[in-house]
1. Take residue A:73 and residue A:11, extend 7 Å from each Cα along the Cα→Cβ direction, and tell me the distance between the two endpoints in nm.
2. How high is the FRET efficiency between residue A:40 and residue A:19 when r is their beta carbon distance and R₀ equals 25 Å, given to the nearest 0.05?
3. Looking only at other chains, what is the average number of their beta-carbon atoms within 10 angstrom of each beta-carbon in B:116-124?
4. For chain B, list the DSSP H helices whose alpha carbon atoms reach 24 Å or more along the long axis and whose average Kyte-Doolittle value is 0.0 or above?
5. Kirkwood Rh, segment B:24-91, all Cα pairs: how many Å?
6. Just tell me how shielded B:51-62 is by partners: mean number of partner chain Cβ atoms within 10 Å of each residue's Cβ, no decimals.
7. What value, in deg cm²/dmol to 500, does the helix sum -39500 (n - 2.57) over DSSP H runs of n ≥ 4 give at 222 nm once divided by the residues of the protein assembly as shown?
8. Can you pull the mean other chain C-beta count within 10 Å for peptide A:49-61?
Amino acid sequence: MKVLYFAWLRSRIGVGEEDLCLPAGIATVGELINWLKTRSPGHAAAFSDAGLVRAAVNQDYAGLDHPLRPGDEVAFFPPVTGG
Amino acid sequence: MTVRVQREDFDPGAEIAALGVGGTEIGAVASFVGLVRGGTDGVAAMTLEHYPGMTERQIAAMVDEACRRWPLDGATVIHRFGRLTPGDRIVFVGVASRHRAAAFAACEFLIDWLKTRAPFWKLEEGAGTSRWVEAKDEDDARAKRWQKED
């Protein structure tokens, strides 16, 4: 599964993209976040305040309960500040 | 309908003129141009990061929604990314319609939604430091005005 990070999530994690093989039992965005937090101190820092993290699955906004399927593109980023 | 996400600058006059040639029934073209603000509380420079693919997809969805809500004869949204300095143009929104009320409303709707839904992030450079801009409650409040009751 391709996982992308933007803005300060990317800075804290140290990479903008990871290709990950998820362990069994991760079926939602929220479960993915909980697992990602355990991968490194940088990941833990990036996801330490869940209220500041937005998620997208296949380039559409997704909530924590959104189901994940193999091959999905998942992205995490802060609230947007364009315009 | 035109959506462009690009590093290079754009010509607002040319974009406005292009919106007016969609048909003789067009009576109004409304536009908005966003600039990098300098001044005392301003920044030395900023870098706009975006999510290629999702950005275009989300802006196209906003334009579709604007077309459902108002009778539009044309719409153009251009958003830049990369490093920009005070005075640089960041974003262009232009809409064409038969009458001004729809053109004004759709233009404001699009910039309000762009600010809260299009995946862009600003990294500001100040005196030797840089910081990610935080989202503003005020922008969320402006975008919420367009929520439908249904």
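1. 2.5
2. So the FRET efficiency works out to roughly 0.95.
3. So the per-residue partner count for this stretch is 6.
4. Numbers: long enough: B:100-117 (25 Å, 0.43).
Those that clear 24 Å and a mean of 0.0 are B:100-117.
5. 14.3
6. 3
7. On the way: 7 runs with 71 residues, N = 233.
Rounded to the nearest 500, it is -9000 deg cm²/dmol.
8. Whole-number average of other-chain Cβ neighbours for A:49-61 is 2.
Bear in mind these aren't lab numbers, they're just calculated from the coordinates by the rules spelled out. Treat the numbers as computed from the prediction; the structure is a model and nothing was measured. Virtual Cβ from ideal backbone geometry, glycine too; neighbours counted across all protein chains shown.
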